[in-house]
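Here the structure is laid out as structure tokens; the discussion comes afterwards.
The values are calculated or read from the model by the stated rules, or taken from the named source; none is laboratory data. Keep in mind the model is a prediction, meaning the values are calculated, not measured. A quick note on method: Cβ atoms are made from the backbone with ideal geometry, for glycine too, and the neighbour counts reach across all protein chains shown. The accessibility values were calculated without ligands, DNA or RNA, using every heavy atom of the protein model including side chains. Shrake-Rupley method; radii C 1.70, N 1.55, O 1.52, S 1.80 Å.
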Amino acid sequence: MSRALLAAEAVEAKEVMALAQALVRIPSHYPGPGEEGVVAFLEEYLRARGLAPFRQGVAPGRPNLVADLGEGKGGLILEGHTDVVTPGEEALWTHPPYAGVVEGGRLYGRGACDMKGGLAALVGALLAVKRVLGKPRRPLRLAALVDEEGMMQGVKTFVQGGLARGFRGAVVAEPEEMEACLWQKGALRLRLRFPGRMAHGAMPYAGDNPIPKAARFLVGLAEQEGRWQEAFSHPYLGLPYLTPTRFLASAGEGQLNVIPPWAEVALDVRTVPGMDHDHLVAEVRRLAGVEVEVLEDRPPVETPREDPLVQAAEEALQLLGLPFRLGGVPGATDGTFLRAWAGLPVVVMGPGKKTLPHQTDEWVDLEEVVQAARVYAALAVLFLE
Ligand SMILES: [Zn+2]
């Protein structure tokens with residue numbers, strides 16, 4: 001039997017399921033308790049199984065956790081994030097969000113799908129590879145990173161700290177129904193301020209009202225979006241979007257007789273490969289006639305279909321009798337920065353329904369989590385050996 005298949009079979013189903021449940025039971029939303037509890041648990045868990053995990057500080061109480069199997073160059077990173085989004089109102093949940101209830105083979109709770117199920121699968125794969133290979137010829141690095149749901153400070157610090165250097169690929173375990181996602185949309189968060197001049201509402205001619213200026217800009221956005229959508233679309237990512245998400249203008253609480261001094265507009269821009277972000281910002285600036293502040297810039301990324309990492313993913317799925325399906329990620333993930341900043345080929349592929357993240361009654365199928373662990377184990381051996 002091939003070593004890849006041996007590694008897949010060395011995944012211990014019960015262990016992976018129990019880990020997924022244990023992880024869901026530790027709240028890790030931010031703002032809130034944050035990732036520290038999950039990190040401390042995982043650290044102890046890995047140490048008890050013969051690994052030597054280490055922390056990388058990102059922000060107070062928010063450490064990345066890294067664990068290596070083997071050393072050298074040309075290795076593979078298994079990446080997952082330890083934070084979850086807020087559960088919101090607990091009363092809206094059928095099962096309490098951090099109880100880790102299992103019913104009908106499904107694990108329920110905040111983060112079950114996004115992505116403590118995937119994280120448990122990565123750990124299960126790491127341990128299985130350890131059982132079969134001991135130390136692989138090239139390193140296998142588990143990266144459990146913080147703040148993916150926020151500004152992605154975890155992966156940014158991970159890359160800036162040199163922890164992706166020397167590696168040849170990364171698998172990101174986001175819930176994608178085990179589609180091999182080679183494409184990820186880009187994102188821009190922009191803020192524009194339309195200046196005005198305060199004046200009495202009875203004498204509007206004495207001031208300069210920023211609201212109509214901002215409103216004209218907002219109305220024109222749909223046309224701009226249409227032009228982008230005509231020029232760019234992607235078979236796996238669909239269309240680019242230009243969406244206003246904030247419009248603020250006020251001279252103060254209850255001041256309905258005062259022309260406000262400014263109006264603020266925020267835009268959420270979603271892009272596909274081929275769209276140049278600097279160029280897009282310049283177009284928005286021209287349209288608005290005011291300065292555009294770039295609050296966040298996440299470029300669209302793609303990994304070539306013929307990359308050895310993609311081949312390994314395809315082979316691993318085939319080896320386990322599973323279909324190889326290509327896909328695209330509609331939002332950015334930590335994989336965006338592993339690709340854009342560290343230059344690594346990235347496959348985003350994890351267990352869990354695509355649409356469930358951030359919903360109430362989030363769940364993941366535990367069999368699918370175990371299956372994902374088997375795929376990762378086989379993929380790692382195929383890629384590393
Ligand atoms: Zn996620």
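What do you get for the angle between helix 210-231 and the principal long axis of the chain? Use alpha-carbon atoms, 0 to 90 degrees, nearest ten.
Taking the Cα atoms of the chain, the angle to 210-231 is about 50 degrees.
Please report, in cubic angstrom per residue, the volume enclosed by the convex hull of the alpha-carbon atoms of the chain.
Details: hull volume 56.1 nm³, N = 385.
Expressed per residue, the convex hull around the Cα atoms of the chain is 146 Å³.
Given a Förster distance of 45 angstrom, what is the FRET efficiency for SER250 paired with SER2, based on the Cβ-Cβ distance and rounded to 0.05?
0.10
Exactly which chymotrypsin sites (Phe, Trp or Tyr not before Pro) in the range 322-376 are in a DSSP loop and have at most 16 other Cβ atoms within 10 Å?
In loop regions of the range 322-376 (DSSP not H, G, I, E or B), the sparsely surrounded chymotrypsin sites (Phe, Trp or Tyr not before Pro) are PHE324, TRP341.
Between HIS200 and THR355, what length comes free when the chain is fully extended (0.36 nm per residue of separation minus the Cα-Cα distance, one decimal in nm)?
Working: separation 155, 0.36 × 155 = 55.80 nm, distance 4.90 nm.
Result: 50.9 nm gained on full extension.
Can you tell me the length gained on complete extension of the stretch ALA266 to ARG131, counting 0.36 nm per residue apart and subtracting the Cα distance? The partial results should precede the final answer.
Working: separation 135, 0.36 × 135 = 48.60 nm, distance 5.08 nm.
Extending this stretch completely gives an extra 43.5 nm.
Calculated FRET efficiency, THR243 and GLU44, Cβ-Cβ r, R0 45 Å, to nearest 0.05?
0.55
Is any residue of the range 249-287 close enough, with backbone N under 14 Å, to a label point placed 7 angstrom from the Cα of ASP208 along the Cα-Cβ axis, and if so, which?
Once the point is set 7 Å along Cα→Cβ of ASP208, 260-263 turn out to lie under 14 Å by backbone N, inside the range 249-287.
Can you tell me the orientation of helix 308-319 relative to the chain, as the angle in degrees between its alpha-carbon axis and the longest Cα principal axis, to the nearest 10?
Helix 308-319 sits at roughly 60 degrees to that axis.
With a Förster radius of 56 Å, plug the Cβ-Cβ distance of LEU322 and GLU283 into 1/(1 + (r/R0)^6) and report the FRET value to the nearest 0.05. Please list the in-between numbers first.
On the way: r = 43 Å, r/R0 = 0.77.
The formula returns an efficiency of 0.85 here.
Hey, got a sec? Which GluC sites (Glu not before Pro) in the range 43-137 land in a DSSP loop and have at most 15 other Cβ atoms within 10 Å?
Here the sparse-neighbourhood loop sites are GLU71, GLU89.
Can you list which of the GluC sites (Glu not before Pro) found in the range 224-258 are DSSP loop residues with at most 15 other C-beta atoms within 10 Å?
GLU253
Compute the helix-to-body angle for 277-288: its Cα long axis versus the longest principal axis of the chain, expressed 0 to 90° and rounded to tens.
For helix 277-288, the angle is close to 20 degrees.
PRE reach from GLU293 (point 7 Å along Cα→Cβ): which of the range 327-362 fall under 15 Å by backbone N?
Residues passing the 15 Å test: none.
Cα-Cα over 27 Å: which of LYS156/LYS354; LYS185/LYS213; LYS156/LYS213; LYS14/LYS116?
LYS185/LYS213; LYS156/LYS213
Using 0.36 nm per residue of separation minus the Cα-Cα distance, give me the extension gain between GLN56 and LEU218 in nm, one decimal.
54.1 nm
At a 1.4 Å probe radius, which order do ARG193, ARG106 fall into by accessible area, largest first? Don't skip to the answer; put the middle values down first.
Details: ARG193 120, ARG106 85 Å².
Sorted descending by solvent-accessible area, the residues read ARG193, ARG106.
Any idea how far the Cα center of the range 60-99 sits from the one of the range 135-175, in Å?
Cα centroid of the range 60-99 versus Cα centroid of the range 135-175: 12 Å apart.
How much of the accessible area of the chain, in percent, comes from carbon and sulfur atoms when a 1.4 Å probe is used?
Working: 8310 of 15930 Å².
Its accessible area is 52 percent carbon and sulfur atoms.
Once you have a ≥ b ≥ c as the square roots of the Cα gyration tensor eigenvalues for the range 46-167, tell me rounded if a/c is under 1.5, and otherwise prolate or oblate according to whether a/b is larger than b/c.
oblate
Could you provide, to the nearest whole Å², the per residue accessible area of the range 187-298 with probe 1.4 Å?
About 55 Å² of surface per residue is accessible.
Provide ILE211, ILE77 ordered by accessible surface of protein heavy atoms (probe 1.4 Å), highest first. Numbers along the way, then the final one.
Details: ILE211 65, ILE77 0 Å².
Solvent-accessible surface, decreasing: ILE211, ILE77.
Roll a 1.4 Å probe over the protein heavy atoms and report the accessible area of LEU239 in Å², nearest 10.
Here the accessible area works out near 60 Å².
VAL265: net charge of surrounding residues, Cβ under 9 Å, Lys/Arg +1, Asp/Glu -1, itself excluded?
+2
For labels at ALA231 and GLU90 in the simple 7 Å Cα→Cβ model, what's the distance in nm?
With each label placed 7 Å out from Cα toward Cβ, I get 5.1 nm.
When the label point is put 7 Å from the Cα of GLU385 along its Cα-to-beta-carbon vector, which residues of the range 313-342 have a backbone N closer than 18 Å?
So the set is 313-321.
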